Amino acid sequence: MDLDTNEIVEKKFTPAPDYAEAAELYPEYINPDSIKYSEKAIELNDERMAEIGLYFIDYILDIEAR
């Protein structure tokens, strides 16, 4: 996100890992409820991405101010 204009300059969505496969290998680390999200991707519109970006900017500035 361009911090001056709040324009989204890069938008790349990658799917979640295969949680079912990971649960077989490491069951103690995988929440069984996550399996339904295996290999799914969430796509957000530009407005929502900018809203989340602004939240993180405020969050980081708040941490740095402490």
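The accessible surface of the chain, taken with every protein chain in place and a 1.4 Å probe, is 52 percent carbon and sulfur. Applied to region 10-27, the Karplus parametrisation 6.51 cos²θ - 1.76 cosθ + 1.60 on θ = phi - 60° returns per-residue 3J(HN,Hα) values of 9, 10, 9, 10, 10, x, 5, x, 7, 5, 4, 5, 5, 5, 5, 7, 9, x Hz, with x for Gly and Pro. Efficiency by 1/(1 + (r/R0)^6): what FRET value for Thr5 and Lys40, r their Cβ-Cβ distance, R0 = 22 Å, to the nearest 0.05? With a Förster radius of 22 Å, E is 0.10. As an equivalent ellipsoid, region 27-66 spans semi-axes of 30, 19, 5 angstrom, where each value is the square root of five times an eigenvalue of the C-alpha gyration tensor, largest first.
Can you give the FRET efficiency to the nearest 0.05 for Tyr29 and Leu61, using r as the Cβ-Cβ distance and R₀ = 35 Å? So the FRET efficiency works out to roughly 0.60.
Please calculate how many Å² of accessible area the chain carries per residue, with a 1.4 Å probe and no DNA, RNA or ligand atoms counted.
89
Sequentially through region 31-37, phi angles give Karplus couplings (6.51, -1.76, 1.60; θ = phi - 60°) of 6, x, 5, 6, 4, 5, 9 Hz, Gly and Pro residues having no value and appearing as x.
The values are calculated or read from the model by the stated rules, or taken from the named source; none is laboratory data. Being a predicted model, the structure only gives us computed values, none of them experimental. Positions of Cβ are generated from backbone atoms using ideal geometry, with glycine treated the same way; all protein chains shown enter the neighbour counts. Each accessible area value is taken on the protein alone, full model and side chains, heavy atoms only, with ligands, DNA and RNA left out. Shrake-Rupley method; radii C 1.70, N 1.55, O 1.52, S 1.80 Å.
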